[in-house]
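In what follows, a single structure is set out as structure tokens and then discussed.
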Amino acid sequence: MSDAALVETMGRLHEVADRGMPIFGVVGMVGALVSIASTRPSLPWALTAVAAQVLRIVVYRRVAAPVNAELMRHARAGSVPSDARASEKACESTGAV
């Protein structure tokens with residue numbers, strides 16, 4: 001796949017996906033918080049779920065979100081950044097795409 005195709009595909013994908021993702025994050029966080037409030041026996045698991053979601057949000061905001069924004073900008077402009085592949089690999093390596 002060419003760098004131009006990578007930027008166009010991933011940039012357009014993130015235009016759509018990044019708008020809907022906060023909904024799933026909120027639903028997951030609310031579910032985990034309800035679990036904390038309602039079930040004593042599973043409290044450690046519910047706390048772990050909340051901590052994991054918070055960690056994922058932090059990693060996403062620091063690593064993936066800036067790369068996604070750059071890919072979207074370039075896709076809209078029809079340009080290709082010189083580090084497109086490296087940026088995408090760094091983003092994917094975090095698991096926070």
Would you mind finding the one in Val30, Val34 that is more than 27 Å from Ser93 (Cβ to Cβ), exposed (fewer than 14 other Cβ atoms within 10 Å of the Cβ) and in contact with a helix residue (DSSP H, G or I) (Cβ under 9 Å, 6 or more places away or on another chain)?
-> Val34
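Matching residues to (1) within 16 Å of Cys91 (Cβ to Cβ); (2) at pLDDT below 85; (3) not β-branched (Val, Ile, Thr):
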residue	(1), (2), (3)
Ser2	no, no, yes
Gly11	yes, no, yes
Gly25	no, yes, yes
Arg40	no, yes, yes
Ala51	no, no, yes
Would you check if there is a residue in the range 48-68 being surrounded by fewer than 18 Cβ atoms within 10 Å (Cβ to Cβ), charged (D, E, K, R) and more than 30 Å from Gly11 (Cβ to Cβ)?
-> no
Does Val34 satisfy being of a type in the set (Val, Ile, Thr) and in contact with a Ser or Thr (Cβ under 8 Å, 6 or more places away or on another chain)?
-> no
Identify, please: which residue in the range 39-97 is among the hydroxyl-bearing types (Ser, Thr, Tyr) and under 27 Å from Gly28 (Cβ atoms) and is, among those, nearest to the chain's Cα centre (by Cα)?
-> Tyr60
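The values are calculated or read from the model by the stated rules, or taken from the named source; none is laboratory data. What you see is a predicted model; the values in this text were computed from it and never measured. Heads up, the Cβs are rebuilt from the backbone with ideal geometry, glycines too, and the neighbour counts pull from every protein chain shown.
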